[in-house]
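Visitor: Have a look at the structure that comes next, please.
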Amino acid sequence: MWAIRTRNTIQVIGLAVFNCMFLVYCGIEIAEVRSLLGDSTVVEGERKVSLLSLPINVLSAVSISIVAASVAAVLVLTYFIWREFGWDIYRSLGADLRIRKYYFQYQVFETIVCFSFFFFAGFGVQVSLRSHELN
């Protein structure tokens, strides 16, 4: 929302890259769950049931397909936003390369500040919740 209001194309592209990395993380997570559970079996009554049964595989496939669909939507929307904002920025700044370079550096700085704020806020919440669990 902030990136759209301030027309920060760098931040929009950064969010699209973050979503792509989230898709990679989903793939890694599925491999980690499968390696963690391995060939573990649980005895249920008279039969042995593998922990890697159908529900875990189905849920893994559903989660990665939902994330992949959302990443595709974000990438398409990012392209259209980039085209629209790029033209608006060109109209407002003009063709002077120095001013465009300064504006680009400003957008990069603003993106780093926003991402670091949200990272440290999330990290702080996790640390405070973890400290309450330990007490």
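Visitor: Can you find a residue that is more than 26 Å from the chain's Cα centre (by Cα), farther than 21 Å from Val33 by Cβ, modelled with pLDDT under 75 and not in a helix (DSSP H, G or I) anywhere in region 46-56?
Guide: Scanning region 46-56, I find at least one residue that is more than 26 Å from the chain's Cα centre (by Cα), farther than 21 Å from Val33 by Cβ, modelled with pLDDT under 75 and not in a helix (DSSP H, G or I), so the answer is yes.
Visitor: In region 52-67, what count of residues is obtained for those that are small (Gly, Ala, Ser) and surrounded by fewer than 13 Cβ atoms within 10 Å (Cβ to Cβ)?
Guide: Let us first name the residues in region 52-67 that are small (Gly, Ala, Ser), namely 53, 60-61, 63, 65.
From the residues that got through so far, the ones that are surrounded by fewer than 13 Cβ atoms within 10 Å (Cβ to Cβ) too are 53, 61, 65.
Looking only at that region, the number is 3.
Visitor: How do the pairs read when you match residues in region 9-29 that are under 25 Å from Tyr106 (Cβ atoms) with residues anywhere that are surrounded by fewer than 18 Cβ atoms within 10 Å (Cβ to Cβ) and hydroxyl-bearing (Ser, Thr, Tyr), using Cβ under 9 Å and keeping only pairs 6 or more apart or on different chains?
Guide: Cβ pairs passing all conditions: Ala16/Tyr79; Asn19/Ser70.
The values are calculated or read from the model by the stated rules, or taken from the named source; none is laboratory data. From a predicted model like this one, the values you see are computed outputs, not experimental measurements. For neighbour counting, all protein chains shown are included, and Cβ atoms are generated from backbone atoms with ideal geometry for every residue, glycine included.
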